[in-house]
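A.B. asks: I have a structure here, written as structure tokens, and I will follow up with some questions on it.
Coordinate-derived values only; no laboratory data. Because the structure is a prediction, the values reported are computed rather than measured. As a convention, Cβ positions derive from the backbone with ideal geometry for all residues, glycine included, and neighbour counts pool all protein chains shown.
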Amino acid sequence: MKVAWITLTSGRKDYLEKSRESWYRLAVGDISEEIIVDTSGNKEYSNWLSETYKNAKVFSLGKEFVLGKTWDSGIKKAYEYFYDIAKTIDCDYILHTEDDYVLLNEINIKNVIEILDSDKNICQVHFIRQPWTKDEEDSGSVLRHCEKNGFKLTEKNNEQDSWVEHRSYFTFGPSIYRKDICYIEKDLDNNPELALTYKIFSDPNIKNATLGKIDDLNMVEHIGVIKG
């Protein structure tokens, strides 16, 4: 079992330093490769990444390929590059993080993969963020907001963990998934995260899993600027 930790960053050094420290400290388990995908187009930042995180392989998108006219087009380009890099990595699973998500509670990578392996229809085990829209806050959490919008939430557990199965979304937020996701034929136009969600859940058997119980506190904190 090989797990690659792949982090997307766009030049936000202060966010990355804070988030990365939390993942080093609280993500328990073996990582076969540590990858940083840099879409900043900033050579100075790319050099800093290589000097600071010597155990990581840094892949940097050239400046001429970076800029998008809109936030969605920029994310589209970033994730095209992210998945192109991920396909080249010798791994079975991907621990997917972004530079602006801080891990708040310990996770055991092996145990999370056991959840994935318990059901081939689980496409992703993700770590829930705090509510950030008014609707999410009014509902009490991200998951309760999904439930309010008609999505069924099913709590499951094994000897180690609890998780919630649902078909609400596939997320670019922190998660673990099989490398197979990288090979899904994607149309990442418009909102790329939403486009991938529609593609994955076109199969009626596929579901997502959120680590923890329905009303547990968030496992990660998004510290970046909220867009989209």
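A.B. asks: Which of these, ASN218, ASN191, ASN205, has the largest mean-square fluctuation under a Gaussian network model of the chain (Cα springs below 10 Å)?
C.D. replies: ASN205
A.B. asks: Taking the Cα centre of the chain as the origin and placing charges on Cβ (Lys, Arg +1; Asp, Glu -1), which of VAL102, ILE181, ASN149 is farthest toward the positive end of the dipole?
C.D. replies: With unit charges placed on the Cβ atoms, the residue in question is ILE181.
A.B. asks: A follow-up question, please. Taking segment 159-211, which GluC sites (Glu not before Pro) meet the DSSP loop condition and have no more than 11 other C-beta atoms within 10 Å?
C.D. replies: On the way: sites: GLU159, GLU165, GLU185, GLU193; in loops: GLU159, GLU185.
Loop-located and lightly packed - GLU159, GLU185.
A.B. asks: Evaluate the distance, in nm, between pseudo-label points positioned 7 Å from the Cα of ASN158 and of TRP132 along their respective Cα→Cβ axes.
C.D. replies: So the label points at ASN158 and TRP132 sit 3.1 nm apart.
A.B. asks: Still on this structure: So which chymotrypsin sites (Phe, Trp or Tyr not before Pro) in segment 68-152 are both in a DSSP loop and have at most 14 other Cβ atoms within 10 Å of their Cβ?
C.D. replies: TRP132, PHE151
A.B. asks: Looking at segment 1-32, which trypsin sites (Lys or Arg not before Pro) are DSSP coil and have at most 15 other C-beta atoms within 10 Å of their C-beta?
C.D. replies: For trypsin sites (Lys or Arg not before Pro) across segment 1-32 that sit outside H, G, I, E and B with at most 15 neighbouring Cβ atoms in 10 Å, the list reads LYS2.
A.B. asks: Computed FRET efficiency, Cβ-Cβ of SER50 and GLU21, R0 25 Å: what is it to the nearest 0.05?
C.D. replies: Computed FRET efficiency for SER50 and GLU21 comes out at 0.90.
A.B. asks: As I understand it, the value is the acute angle between the Cα axis of helix 71-87 and the longest principal axis of the Cα atoms of the chain; what does it come to in degrees, rounded to 10?
C.D. replies: 90 degrees
A.B. asks: Any chance you could give the angle, 0 to 90 degrees and rounded to 10, that helix 13-26 forms with the longest Cα principal axis of the chain?
C.D. replies: 50 degrees
A.B. asks: I need to check one value: relative contact order of segment 3-222, counting alpha carbon pairs closer than 8 Å and at least 6 residues apart, in percent.
C.D. replies: Reported relative contact order: 25 percent.
A.B. asks: Straight distance only, please: which lysines reach the Cα of LYS179 with their own Cα at less than 21 Å, same-chain residues fewer than 8 apart left out?
C.D. replies: Partners found: LYS2, LYS57, LYS76, LYS77, LYS87, LYS110, LYS120, LYS199, LYS207.
A.B. asks: Between the helical axis of 109-118 and the dominant principal axis of the chain, each derived from Cα atoms, what acute angle in degrees is found, rounded to the nearest 10?
C.D. replies: With both axes taken from Cα atoms, the answer is about 50 degrees.
A.B. asks: Just grab the label-to-label distance for ASN108 and LYS43, each label 7 Å out from Cα along the Cβ direction, in nm (one decimal).
C.D. replies: So the two model labels end up 4.7 nm from each other.
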